[in-house]
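Step one of this worksheet: look at the structure below.
Please treat every number below as a calculation from the coordinates, not as lab data. The shown structure was predicted, so the numbers you read here are calculated from the model rather than taken from an experiment. No Cβ is skipped: glycine too gets one built from the backbone with ideal geometry, and neighbour counts run over all protein chains shown.
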Amino acid sequence: MQRAVDNVLAVTKESVKTFTYESLHNIVRLINGVSAILLSILPGKASILEGIHGWELRPTFRGPRLPRWMENGVSSFNQFIHEFSVDSDTSSSVDYSSDGEDCDIYPTSPLSQSSRFSRESNFTKQNRSWLWWIRCIISWALFPVKLLFALPLYFINSALPSEAPMRSGNYPSVAQSPRRLQSLKDHFVQRTTDRRLGVVEDLHLAIEFFIESAFDVVHKAAHSILSPADTLRSVHRWFLSKLSFHNGIPSEDFVSACPTTVLSDKDPAPSERKTSFNLNTDARTCQDVITELGYPYEAIRVVTTDGYVLLLERIPRRDSRKVVYLQHGILDSSMGWVSNGVVGSPAFAAFDQGYDVFLGNFRGLVSREHIDKKISSQQYWKYSINEHGTQDIPAMVDKIHDIKISELKSNQSDPEEESSSDQPYKLCAICHSLGGAAILMFAITRRIEEKPHRLSRMILLSPAGFHQDSTVVFTVSEFLFFLAAPLLAPFLPAFYIPTRFFRMLLNKLARDFHNLPAVGGLVQTLMSYVVGGDSSNWVGVLGLPHYNMNDMPGVAFRVALHLAQMKRSKKFAMFDYGSPAANMEVYGSPEPLDLGEYYSLIDIPVDLVAGRKDRVIKPTMVRNHYKVMKDAGVEVSFSEFEYAHLDFTFSHREELLSYVMSRLLLVGPPSKQTHRPKSAKVKRKDLQVKTGK
């Protein structure tokens, strides 16, 4: 009788699992199919979906091909990775062909695989045959529903462009498309090495855990009813143990029934053991990415004059006199400069060319790092782009200067050289988007204050500053923002995700967007509409490790207001505090400082780079920087590439890296004697620049 009940429970449990899994799969197929239908009718999807295909931050077993410009300057580590990848590619060939249902919507997790193995070991061969027939019957019964949910994908697939991320489950052979096969190979490698789990995968595991627990309870209850003698014996033993422990004397039966283990000398004490709850999210830091690739790393804490604690990260070459400082843009961090791996990232490319690399991080993390540990949210986020250019960058550049002076002067053997060398290194800045506007503000205000900016060259990738030529989406957003700003300012200090749960949810959804191509394509399209039709890989960026549950960049309300002010005034100006009196106190003028009028103070070469597909900062706006600088007599160059806004940092672009490296090489070695620049002559004698009220 007991065996019959066990068989019935086993068959019932497997039936419930099969029905539940198929139902979950059908719901996922329905969501993906509806997304495919919506994606097929949305306009402009062909250009918008360009950025989503072929990019994701992921560890790979295959080293990327070395660019031509790095063949003579690559590090020995990168050379080893390249040679290893070439050997492995020529010596092994793997066929990743798939047939129909074996290609699941998402990969099976280790937990589900181990549970299936345990179930197979517990049942007899006869039980396994029963379960196989039960599964087949349920699968055939649910086949019409599965077909109904899957039909939109097959019909819509032909309507999408060839480069769209939606593709059927049948992949071509090697002879038909070797490039697509290699892409598929990288896809499978990524799927097996990515430790993140999406929301759908978490639901799968939760359902399996719940079913196992529920049937375990039912199995024990049935065993207790069918075996009353064993049940009474267990209850009697439990009662005696409780009574004995109450009297201080454990019973012999209970002691003999308790399992005992011997604690090894190497095992930690019970009080020292720590348990951690793994939520399967990718929370790697920039340090993890750099050190995992074999590069040196150093973290430097920088404190600004207004008390903000910044993280300045470094890939050090302590004896190098060539220094490069990379500064990210809005809603970004230093992770953007290392996100493309060994040879696809500007930071690693500069290091391999012999540069001492510093990666700057602006203020604006949800962790709110400040010397005042009790600072309120309203006080922390009370800053604009002014503080980025007059507080953050000066603090980091001064820290770089102190570090290099200390390291290089300790290695100098010539006393005359040491006394005459004011700056024994050359510092170049590579900045993207908001970082470009901030570095321009820094250079101009330093010249106004008659302080050295210590820069030798600036390479600005799609810099912010001029925004009058924007899309209709940004124009409408500017109007609505100014309309709602008086009401939102007291209650909304910044735009960020404040709780760890929702940050974790965003990180997991990014995984689901990758697993469900139609859903990912729909989200990519909608996000592209929000940013004016820019075809950058917005969905892929959400999967970056710095968008994790522990910390995440945010945008201060004043930063957004400052950008809106620039667009409305059609000027690259500093923050308008709202009244002539407030501006007079900060700038010595009733109006905020127009930085475009002081481009003549820029005394170093500037290289401007624009993206023809960039809809966030159009090429016309970068060209506006170029025109104003050219008229002011600045040594400036202008270049355009077929890039969208995020392609300057988050995409592997060999031609961009080649161009950036060629610009850096134009900066010669530092001379033994450096001459101080002449004092800047400004138009207003009483002009002053402060950082806040």
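Applying a 10 Å radius around every beta-carbon, put 624-637, 222-235, 316-329 in order of their mean neighbour count, most first. Please report the intermediate quantities before stating the final value.
Numbers: 624-637: 16.7, 222-235: 12.2, 316-329: 21.2.
Descending mean neighbour count gives 316-329, 624-637, 222-235.
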At what distance in angstrom do the alpha carbon centres of region 310-356 and region 575-644 lie from each other?
-> 24 Å
Taking the Cβ-Cβ separation of ARG500 and SER637 as r and a Förster radius of 35 Å, what is the calculated FRET efficiency to the nearest 0.05?
-> 0.20
Principal axis dimensions, largest first and in whole angstrom, of region 436-570 by Cα | 55, 37, 30
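For the pair VAL11 and ALA221, what calculated FRET efficiency results from E = 1/(1 + (r/R0)^6), where r is the Cβ-Cβ distance and R0 = 22 Å, to the nearest 0.05? Walk me through the numbers before you get to the answer.
Numbers: r = 18 Å, r/R0 = 0.80.
Efficiency computed from Cβ-Cβ geometry: 0.80.
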Count the net charge of all other residues whose Cβ sits under 9 Å from the Cβ of HIS645, scoring Lys and Arg as +1 and Asp and Glu as -1.
-> -1
Provide the descending list of Cα extents for region 519-563 along its principal axes, expressed in whole angstroms.
-> 32, 27, 13
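Anything over 20 Å Cα to Cα? Flag those among LYS322/LYS404; LYS567/LYS627; LYS373/LYS404; LYS571/LYS630, in the order listed.
LYS373/LYS404
Note the direction-averaged projected area, equal to a quarter of the hull surface, for the Cα convex hull of region 433-506, in nm². Kindly include the intermediate steps, with their values, before the conclusion.
Details: hull surface 34.9 nm².
About 8.7 nm², averaged over all directions.
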Using packing as a proxy for protection, rank 499-506, 344-351, 13-20 so that the peptide with the highest average count of other Cβ atoms within 10 Å comes first.
-> 344-351, 13-20, 499-506
